[in-house]
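One structure is given here, and the rest of the page talks about it.
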Amino acid sequence: MKKIVVINGHPDKLSFNSALANAYIKSAKESGAEVRYIALADLDFNPNLQFGYRQRMELEPDLLQALQTIQWSEHQVWIHPLWWLGMPALMKGFFDRAFLPGITFKKSKQGLNVGLLQNKTARIITTAGDLNLKTYKGVYGSSGLVQLKNGILEYCGITSIESNFIGPLEIFNEADRLKALNDVADLAKDDTKALPIGIVADDSNP
């Protein structure tokens, strides 16, 4: 049974991001995966890394539980809106506070970075209100995706990261939203079927 964690980075519990998360979770469970859900809006923590890396802040119980769930998972699904070409402040604060040296990455004796979230895969689902994918990629270089995929997840050892863009939501009608929900449900089916890192399919018995 595949272990999947879905992390919703939207601060509004009634957002379309929550509907997407629910669609993914329902489909993944129906496909046989074990799924846990982290809604950052439900967590009680200070998102401000007050002292930088000079002084360690104690991790709140909700952050500790979230980290345990992320460590438990084999596959992570990060769902978030694109605000000012990046993630919401709540989500950035989660990474600032929880993804710390010695927890999700460390430095080797040679001074090289070593990610501690290895043997895990991920999917990033980004929603945008008034931005289309062509402009996001061509004009802004997929800035939010670069930050999350390359600057955070890959830095912390996660590989095989897929990404999906949904938008611009401001012009979506009900049919468009329903299609997006169905598309996300299909992604969950695909993720559940995907083999864990290091496992190779045996095609010797077709």
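The values are calculated or read from the model by the stated rules, or taken from the named source; none is laboratory data. All of these numbers come straight from a predicted model, not from anything done at the bench. Cβ coordinates were reconstructed from backbone atoms using ideal geometry, including for glycine residues, and neighbour counts include every protein chain displayed. Quick note on the areas: whole protein, heavy atoms, side chains included, nothing else; ligands and nucleic acids left out. Shrake-Rupley method; radii C 1.70, N 1.55, O 1.52, S 1.80 Å.
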Checklist line | Cut-off under 5 Å, modelled amide H: who pairs with L116 long-range | finding: F105, K106
Check: Put +1 on the Cβ of each Lys and Arg and -1 on the Cβ of each Asp and Glu in the chain; which of I158, G129, A89 then has its Cα farthest toward the positive end of the dipole?
Finding: I158
Item checked: Extension gain (nm, one decimal) between K29 and Q50, 0.36 nm per residue minus Cα-Cα -> 3.7 nm
Notebook entry, point to check: Which residue, K26, K193, K107, tops the fluctuation ranking in a GNM of the chain built on C-alpha contacts under 10 Å?
Noted result: K107
Notebook entry, point to check: Among (i) 155; (ii) 137; (iii) 120, which is the computed volume of the Cα convex hull per residue in Å³?
Noted result: (i)
Next item on the list: Please get the size of the charge dipole for region 78-151, origin at its Cα centre, with Cβ charges of +1 on Lys and Arg and -1 on Asp and Glu, quoted in debye to the nearest 20.
Entry: 320
Note to self: If I model a spin label at L85 and D12 as a point 7 Å from the Cα along the Cα→Cβ vector, what separation in nanometres do I get?
What the structure shows: 2.3
Notebook entry, point to check: Is it possible to state the helix-based mean residue ellipticity at 222 nm for the chain, with each DSSP H run of 4+ residues giving -39500 (n - 2.57), the sum divided by total residues, to the nearest 500 deg cm²/dmol? What is it?
Noted result: -9500 deg cm²/dmol
Check: To the nearest 10 square angstrom, how much accessible area does W83 have with a 1.4 angstrom probe?
Finding: 110
Check: Rounded to the nearest 20 Debye, what is the dipole magnitude of region 52-206 about its Cα centre when Lys and Arg each give +1 and Asp and Glu each give -1 at the C-beta?
Finding: 740
Check: Can you give the translational diffusion coefficient of region 28-128 in µm²/s, computed by Stokes-Einstein from the Kirkwood radius over Cα pairs at 4 °C and 1.567 mPa s?
Finding: 85
Next item on the list: Grab the Cα-Cα distance for E58 and K179, subtract it from 0.36 nm times how many residues apart they are, and report the gain in nm with one decimal.
Entry: 39.3 nm
Notebook entry, point to check: So what J values fall out for region 73-84 if you push phi through Karplus, 6.51 cos²θ - 1.76 cosθ + 1.60 with θ = phi - 60°, rounded to Hz, Gly and Pro as x?
Noted result: 6, 9, 9, 10, 10, 9, 10, 7, x, 9, 10, 6
